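First the structure, in the form of structure tokens, and then the observations on it.
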Amino acid sequence: MPSTIPLQAAGVASIMLLLFVVSLLLVFWVYSDAKQNSEHPAFLWAVVVFLAPLLGLVLYFLVGRSRTYSRPPGSRSSGSDSRRRPPR
């Protein structure tokens, strides 16, 4: 007699596949974000998040991201709007 029902095995396999895809998406996001916002090598952060997804993501947010964020070229901050009205 089989120990698992085929539908149960398919359900477990699909959940594992979904978790794997989500972890790969996290790795790609951390890599692209670390290229822009981190002083540390982006490849190493991607490896850390791949090997330990939850711990790696927490460490990346606490240690890996720079405190100063760069704005894309041509974007304005909300405080320097040239269309602002003068005070009355």
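Can you tell me which residues in segment 1-55 are at pLDDT 90 or above and outside any helix (DSSP H, G or I)? Correct list: PRO41, ALA52. Hey, does segment 29-42 have a residue that's free of Cβ contacts under 8 Å to residues at least 24 places away in the same chain, buried (at least 16 other Cβ atoms within 10 Å of the Cβ) and closer than 13 Å to SER66 by Cα? Yes; the residues of segment 29-42 include at least one that is free of Cβ contacts under 8 Å to residues at least 24 places away in the same chain, buried (at least 16 other Cβ atoms within 10 Å of the Cβ) and closer than 13 Å to SER66 by Cα. Filtered by the rule that a residue be under 23 Å from VAL27 (Cβ atoms) and at pLDDT 65 or above, segment 65-88 gives ARG65, SER66. With respect to LEU62, determine if the residue is among the hydrophobic types (A, V, I, L, M, F, W, C) and either assigned to a loop (DSSP other than H, G, I, E, B) or at pLDDT 85 or above (or both). For LEU62, the condition - among the hydrophobic types (A, V, I, L, M, F, W, C) and either assigned to a loop (DSSP other than H, G, I, E, B) or at pLDDT 85 or above (or both) - is met.
The values are calculated or read from the model by the stated rules, or taken from the named source; none is laboratory data. What you see is a predicted model, and the numbers here were worked out from it, not measured in a lab. As a convention, Cβ positions derive from the backbone with ideal geometry for all residues, glycine included, and neighbour counts pool all protein chains shown.
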